[in-house]
Amino acid sequence: MATMPASASDLLKSFKLKTKQQELLIRVSILCLVYILAFITRLFSVLRYESMIHEFDPYFNYRTTLYLTENGFYDFWNWFDYESWYPLGRIVGGTLYPGLMVTAVLIYRILRFLRFAVHIREVCVLTAPFFASNTTLVAYFFGKEIWDSGAGLVAAILIAVCPGYISRSVAGSYDNEGVAIFALLFTFYVFVKAVNTGSLAWSLASAFGYFYMVSAWGGYVFIINLIPLYVLVLLITGRYSMRLYVAYNCMYILGMLLAMQIRFVGFQHVQSGEHMAAMGVFFLMQVFYFLDWVKHMLSDTKLFQAFLRITVTSAVAVGGIALGLGMVSGYISPWTGRFYSLLDPTYAKDHIPIIASVSEHQPTAWSSFMFDFHILLFLFPAGLYFCFKRLSDATIFIVMYGLTSMYFAGVMVRLILVATPAVCLISAIAVSATVKNLTVLLRSKNKVVQTGSTKGSGGSKSSSKALLDQSQPFQKNGAIALLFGAFYLLSRYATHCTWVTSEAYSSPSIVLAARGAHGNRVIFDDYREAYFWLRQNTPQDAKVMSWWDYGYQITAMGNRTVIVDNNTWNNTHIATVGRAMSSYEDEAIEIIRSLDVDYVLVVFGGVTGYSSDDINKFLWMVRIGGGVFPVIKEPDYLVNGEYRVDKGAAPKMLNCLMYKLCYYRFGEMMTEYGKPPGYDRARGVEIGNKDVKLEHLEEAFTTSNWIVRIYRVKPPNNRW
Amino acid sequence: MGRTSSTKEDAGALFHSLRSAYAATPVNLKIIDLYVGFAIFTALIQVVYMAMVGSFPFNSFLSGVLSCVGTAVLAGKSNFLSPLFAKDLPPERAFADFVLCNLVLHLVIMNFLG
């Protein structure tokens, strides 16, 4: 039963390996290669730039990890941060998910124990790729549990390079999702294993997996709603069994208890509307257990049917009344805005502008799906077909996971990440089942010749194959052609994924690159230049006001107190900053002085053509400020509903603080050959107000490409 | 009507047959059932107490109630003497799992008690 060409099998036979051992060797070597591949495909930005932390949120995680290494766990768990949200401060210990930081520090301690003198930053940068490799292993075992080991291998390969996952787990992207997707897949795998075996040990492992997920990411709400939904579907389709009872109950009770140890989560498992589904299903399971016991006790089925009807209706009624009472009395809080906007996508735009303004929360376009999934998009329905053909507890789970996560991926771009493991697994089932059927066809032709001579030994299976072969003579050629087609598709997928990773998902966002006039690469390192200027040239207790996007980076790299940062927990404080930025300078200076601000930082892309600067984000500042302070009205800044910065712009726009700070001294600047001075390359227009005079602020620092501009607040004039 | 009276008769017949079937179960099982019932009874007492004096250290209340519910559920499903038990696991393994889960449960409860 050789499964590969003659020379390789001879080579392996020369090692005196039996077929089972050959198969094991191939599987292990494939898994090792996939492990290494998953790690190295995420290293593009480390090779091109340097080993640094990307984006905004990872800087906060890095700062907390640094604090944890220096001060130990007890201080970290009880940390009150004075350096952000001045003058309110932030209870860091109670408002973060510690899983990522604790994991990184654990790896750091282990490496230090083995006498590898690494810096914590290196560990932080490479944590995400390491966990991505571990995810591929879990995907293999999960595929093996659902279908067979072939599907597991394909799943591991698909998820190793899938761009949907790579986007949030490149080296340097030190964010919660890098660890959370591993925890998610691990929890699901162990839970399905528990349902399949009915053992308490596996359920305990799934409770621990759930605990790790809760400690790592706020998206754990997906688990605590998907698993009860899955249990409910199994109960409705008549698949109740003792194994399901054991698995769900142990996981729910222990998982809930463990999850409540995280201060940020607190008592939400018993008080929040988002977690009530799990509790409801828990009580329903007890009812089913009771019914099962009664059924076993009684021998009269007619009596049992009547009893069944009464019990189920009364149980559902009692549950409904309890839930209603809880919600009406306010004890059970309704769904929070973040998750409610998943069910009703228009909710955030009308009620919570901060959630609506985050670019990752926008609905997904088809191009994003194609970009992130490539061939998996059409392999997903094919895999669903195969799953429905062989329904079992495990395949029902993966179908539900796939469908729910695809719905949510359609609502919010960020959630493509959660859908990726499901899509990879289901597509792997499609690929593996198709390839298996095709290779069986290929091998059967050889078998027909043999069973022709030894009659009756093959049995009905090979004789039916023989029948098939005689009616369609070109089956073997068709199978070979289809196999080549499958190989071509998979190789195109690998090429596409590597290209996407290299082009789109490997930029650190804090260092910008562009092509110069001669085709050479030009690096803009302005952000770090500005933050280090702050660190070295301002007093220790200086307070910096900027828009909330840059808060984490300023505290992590500039080491100065900020007014608002990316945590966005206090909308009024952010609205105050937004109001200051959109008022005239005289009104703004009142707010600035009341907040004790010493420096104001703005990001300006007019000289370089950088389009994610503060002028392009300005309307969000107006909207958020106007949401709390009605004195700021958005139509004041627009002309005929249009947002302009040139001569035809609204007068309030031309004189507000943000405009003045961005375009101070810009009127004399020549940015492009053949254009007048003061030509804004990001907006593509010549600015309207070139003669900007500042009365209460003075320019402190502008970076070499004018991307970051820092202004000092002048002390009030003496009143001789 | 006829239906309600037959339902009443059904309920009565149900109750009687359940009672007789339960009396036929071995003593071991009845002891374990008593243990589960005791755990749930303790949980109910705690809930009534909380209703009387208020729920201030909520974490302590939760850990107390959940430890009772947890032991009840674990005992209920590790009950390998019960005829409902899934047959694929040997009893020693089931008992070891039971001990491990109880250990984890009580460690977490002790941490959560505050």
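The values are calculated or read from the model by the stated rules, or taken from the named source; none is laboratory data. None of these values were measured; they are calculated from a predicted model. Here the Cβ positions follow ideal geometry from the backbone for every residue, glycine too, while neighbour counts run over all protein chains shown.
Points to keep in mind about this one:
Condition check ((1) closer than 18 Å to A:T702 by Cβ; (2) at pLDDT below 85; (3) exposed (fewer than 13 other Cβ atoms within 10 Å of the Cβ)) across all residues:
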| position | (1), (2), (3) |
| --- | --- |
| A:P508 | no, no, no |
| A:G516 | no, yes, yes |
| A:D525 | yes, no, no |
| A:Y531 | yes, no, no |
| A:N537 | yes, no, yes |
| A:D541 | no, no, yes |
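- Checking B:L34, B:L29, B:L18 one by one, the residue that is assigned to a helix (DSSP H, G or I), without any contact (Cβ under 8 Å) to a residue 12 or more places away in the chain and more than 10 Å from every other protein chain (Cβ to nearest Cβ) is B:L34 and no other.
- Being over 30 Å from A:H496 (Cβ atoms) and either within 20 Å of the chain's Cα centre (by Cα) or of a type in the set (S, T, Y) (or both) is a property that A:S167 lacks.
- Count - residues of the stretch A:263-278 that are within 11 Å of chain B (Cβ to nearest Cβ) and in a helix (DSSP H, G or I): 3
- Pick from the stretch A:322-337, criterion in a helix (DSSP H, G or I) and touching a residue at least 40 places away in the same chain (Cβ under 8 Å), ranking: surrounded by the fewest Cβ atoms within 10 Å (Cβ to Cβ): A:M327
- Subset of the stretch A:238-262 (residues that are modelled with pLDDT under 90, in contact with a helix residue (DSSP H, G or I) (Cβ under 9 Å, 6 or more places away or on another chain) and more than 10 Å from every other protein chain (Cβ to nearest Cβ)): A:R239, A:Y240
- Qualifying residue in the stretch A:223-230 (condition: touching a Lys or Arg at 6+ places or on another chain (Cβ under 9 Å), more than 9 Å from chain B (Cβ to nearest Cβ), surrounded by fewer than 24 Cβ atoms within 10 Å (Cβ to Cβ) and over 24 Å from A:A201 (Cβ atoms)): no
- Considering residues of the stretch A:279-302 that are buried (at least 17 other Cβ atoms within 10 Å of the Cβ) and β-branched (V, I, T) only, the residue nearest to the other protein chains (Cβ to nearest Cβ): A:V294
Here's the yes/no breakdown for (1) within 27 Å of A:S359 (Cβ to Cβ); (2) assigned to a helix (DSSP H, G or I):
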| site | (1), (2) |
| --- | --- |
| A:L25 | no, yes |
| A:S29 | no, yes |
| A:F60 | yes, yes |
| A:T65 | yes, yes |
| A:F76 | no, yes |
| A:S84 | yes, no |
| A:G93 | no, no |
| A:M101 | yes, yes |
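- Checked against (1) surrounded by fewer than 23 Cβ atoms within 10 Å (Cβ to Cβ); (2) farther than 30 Å from A:T64 by Cα, A:S582 passes all but condition (1).
- Restricting the stretch A:381-401 to residues that are crowded, with 24+ Cβ neighbours inside 10 Å and either of a type in the set (D, E, K, R) or closer than 16 Å to A:L184 by Cα (or both), the residue that is nearest to the chain's Cα centre (by Cα): A:Y401
- Any hit, the stretch A:207-218, residues being within 12 Å of chain B (Cβ to nearest Cβ), surrounded by 22 or more Cβ atoms within 10 Å (Cβ to Cβ) and not in a loop (DSSP other than H, G, I, E, B): yes
- Scanning the stretch A:674-701 for residues that are within 30 Å of A:R535 (Cα to Cα), in contact (Cβ under 8 Å) with a residue 24 or more places away in the chain and in a strand (DSSP E or B) gives A:D680, A:L697, A:E699, A:A700, A:F701.
- Residues in the stretch A:263-283 that are out of contact with any helix residue (DSSP H, G or I) (no Cβ under 6 Å at 6 or more places or on another chain) and of a type in the set (D, E, K, R): A:R263 only.
- Filter result for A:Q305 (surrounded by fewer than 17 Cβ atoms within 10 Å (Cβ to Cβ), within 14 Å of another protein chain (Cβ to nearest Cβ), free of Cβ contacts under 8 Å to residues at least 60 places away in the same chain and not in a helix (DSSP H, G or I)): no
- Condition check for A:K714: of a type outside the set (F, W, Y), modelled with pLDDT of 90 or more, over 29 Å from A:I523 (Cβ atoms) and under 39 Å from the mean Cα position of the chain (by Cα): no
- A single member of A:E55, A:E50 is farther than 21 Å from A:V118 by Cβ and not in a helix (DSSP H, G or I), and it is A:E55.
- You will find that of A:A588, A:A530, A:A556, the residue that is closer than 21 Å to A:R90 by Cβ, among the hydrophobic types (A, V, I, L, M, F, W, C) and in a helix (DSSP H, G or I) is A:A556 and no other.
- The single condition among (1) touching a residue at least 40 places away in the same chain (Cβ under 8 Å); (2) part of a helix (DSSP H, G or I); (3) out of contact with any Phe, Trp or Tyr (no Cβ under 7 Å at 6 or more places or on another chain) that A:L342 does not satisfy is (3).
- Members of the stretch A:472-491 found to be surrounded by 15 or more Cβ atoms within 10 Å (Cβ to Cβ) and polar (S, T, N, Q), listed by number: A:Q475
- Residue pairs meeting the criteria (Cβ under 7 Å; at least 6 apart or on separate chains; first within 7 Å of chain A (Cβ to nearest Cβ) and in contact (Cβ under 8 Å) with a residue 40 or more places away in the chain, in the stretch B:58-71; second in a helix (DSSP H, G or I) and among the β-branched types (V, I, T)): B:L62/A:V270; B:L66/A:I253
- Residue in the stretch A:122-136 that is touching a Ser or Thr at 6+ places or on another chain (Cβ under 7 Å), touching a residue at least 60 places away in the same chain (Cβ under 8 Å), surrounded by fewer than 21 Cβ atoms within 10 Å (Cβ to Cβ) and not in a helix (DSSP H, G or I) present: no
- Test: residue in the stretch A:319-327 that is within 13 Å of chain B (Cβ to nearest Cβ) and in contact with a strand residue (DSSP E or B) (Cβ under 9 Å, 6 or more places away or on another chain): no
- In this entry, B:K87 passes the filter for residues that are within 12 Å of another protein chain (Cβ to nearest Cβ), at pLDDT below 75, farther than 26 Å from A:F267 by Cα and not in a helix (DSSP H, G or I).
- Within the stretch B:56-84, being at pLDDT 85 or above and of a type in the set (G, A, S) holds for B:S60, B:S63, B:G64, B:S67, B:G70, B:A72.
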